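Working notes, structure below.
Each reported figure results from applying straightforward, stated rules to the coordinates on display, with no laboratory input. Predicted model only: the values in this text are computed from it and were never measured. Cβ placement follows ideal geometry from the backbone for every residue including glycine, while neighbour counts extend to all protein chains displayed.
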Amino acid sequence: MNFGQAIQTCMGKYTTFDGRASRSEFWWFYLFTVLIVWGASVVGGAVFGDPAGLSLLANIIFLLPILAAATRRLHDTGRSGWWQLLSITVIGIILLIVWWASEGHGEENDHGPPPESMPA
């Protein structure tokens, strides 16, 4: 999956917390959200003199889509999306990053078929 496909897929499933997401889908979309929030911060600082306001708005807009994509990514590794609650702790964030970067299960699991074999 490329950058554009990942954005299209994740924004199309912005509140879909079931199913699975491939590593490329999740990481390309994560990069997209980081770039949008960074860009909003730069524009907010240059235009309004307050970089936090516009970047906060971008963070709020992309909160559900990134949570849904992260949940689907955890599903691909055979874990529940509730594991994201670990992000409250520093150690938990490290563990989540490792899981998000891990290869998914190649066979069907409780959350559906592997992302590559799912119809587009």
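For a test of the definition: using alpha carbon positions, the gyration tensor, and the 1.5 limit on a/c, classify the stretch 1-66 as rounded, prolate or oblate.
Taking the square roots of the gyration eigenvalues as a ≥ b ≥ c, the stretch 1-66 is prolate.
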Order by neighbour count: Arg73, Arg20, Arg79, fewest other Cβ atoms within 10 Å first, most last. Arg79, Arg20, Arg73
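Taking 35 Å as R0, compute the FRET efficiency from the Cβ-Cβ separation of Val42 and His105 and round it to 0.05.
Numbers: r = 39 Å, r/R0 = 1.13.
The calculated FRET efficiency here is 0.35.
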